[in-house]
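First the structure, in the form of structure tokens, and then the observations on it.
The values are calculated or read from the model by the stated rules, or taken from the named source; none is laboratory data. These numbers come from a predicted model, not from an experiment. Glycine also receives a Cβ, built like all others from the backbone with ideal geometry; neighbour counts cover every protein chain displayed.
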Amino acid sequence: MCDTDDRAEVAPAESLPASLEWKGEVLPLEPVDELSVLMVCDNVTDILLPDQGPARRLPLAAMARLAPLLEAPTILGGKAADVPLAQHGFSALVQVRKGGRVRRLLFDTGITPGGCAGNLRRLGQDPAGIEAIVCSHGHFDHTTGLSGLIGQLGRANLPVLIHPGFWARRRLAIPGGEPFELPATSQSALEGAGFDVIEQRQPSFLYDRSVLITGEVDCAGARRRRHHSIKGCTAQASATGSPRRALLRTPGRPRG
């Protein structure tokens, strides 16, 4: 989280610290007051982990308060909290605050139709507040949750930002096993559900130039491209996989 009570004017971020040894182009970004990244779907979950550094964990008591209750006849009282479920794949809710306004985008959507939407509900988050969806790449463990979000979003023609290679058909070949064709997203079904699909290789900005989608990034040579991760001050999360697309970055205001 990056926050401060200092409301002095801050110039857009136009350079990076020399220690980063970055030799490429730097695009200026407008500063924000706070960035948070809420893990919605991940491979593991542990409700007993304490806070660590910038990472703040939702305690069990809070989960029980936020999550809906399920029938549990073997539990005293007959109810149990519907806590978030882990699954292969990834999804994160990115929230950017500038002044009194909070903007929300969803980064990837997990491997099952209902996993992302269900965990948003379990975490007390309303999908209707999401203004855009960014898909890191076309692997089904990052995209299948789009199905479960149909009808739950707050606006028609919600933009879905993807790399043009998103639609590629893929196969998984494990040594000793038969090649397996991975499930792929249907372009006609996605557009027919009312999503505004935006394909782009080049950098683009969101939310008044406070968030940057860098476009295609060559992260491991020609065979593994198009990377997408989320970075903002000390809060950080990454999605991995190939093909990959871009980097989402937003600067925070310096602490007072």
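What to note about this one:
- Residue selected from segment 86-98 under the condition crowded, with 18+ Cβ neighbours inside 10 Å and among the hydrophobic types (A, V, I, L, M, F, W, C), by the criterion nearest to the chain's Cα centre (by Cα): Ala92
- Filtering segment 101-160 to residues that are out of contact with any His (no Cβ under 6 Å at 6 or more places or on another chain) and among the acidic types (Asp, Glu) leaves Asp126, Glu131.
- Residue pairs whose Cβ atoms lie under 7 Å apart, sitting 6 or more positions apart in sequence or on different chains, and linking a residue in segment 19-44 that is without any contact (Cβ under 8 Å) to a residue 40 or more places away in the chain to a partner that is exposed (fewer than 11 other Cβ atoms within 10 Å of the Cβ) and assigned to a loop (DSSP other than H, G, I, E, B), are Val26/Glu14; Val26/Ser15.
- Test result for Val211, modelled with pLDDT of 90 or more, surrounded by 11 or more Cβ atoms within 10 Å (Cβ to Cβ) and either outside the structural domain of Phe107 (by TED's automatic domain parsing) or out of contact with any Pro (no Cβ under 8 Å at 6 or more places or on another chain) (or both): yes
- The residue of segment 159-191 that is surrounded by the most Cβ atoms within 10 Å (Cβ to Cβ), among those that are of a type in the set (Phe, Trp, Tyr) and in contact with a strand residue (DSSP E or B) (Cβ under 8 Å, 6 or more places away or on another chain), is Phe166.
So that you can scan it fast, the table gives a plain yes or no per residue for (1) over 20 Å from Asp46 (Cβ atoms); (2) in a loop (DSSP other than H, G, I, E, B):
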position: Ala64; (1), (2): no, no
position: Ile75; (1), (2): yes, yes
position: His88; (1), (2): no, yes
position: Val94; (1), (2): yes, no
position: Gly118; (1), (2): no, no
position: Arg121; (1), (2): yes, no
position: Gly154; (1), (2): yes, yes
position: Phe166; (1), (2): yes, no
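- Look at (1) surrounded by 13 or more Cβ atoms within 10 Å (Cβ to Cβ); (2) over 18 Å from the mean Cα position of the chain (by Cα); (3) aromatic (Phe, Trp, Tyr) and you find that Phe195 fails only one, number (2).
- Considering segment 44-85, and only residues there that are loosely packed, with under 14 Cβ neighbours inside 10 Å and within 16 Å of Gly118 (Cβ to Cβ), the residue that is modelled with the highest pLDDT turns out to be Leu70.
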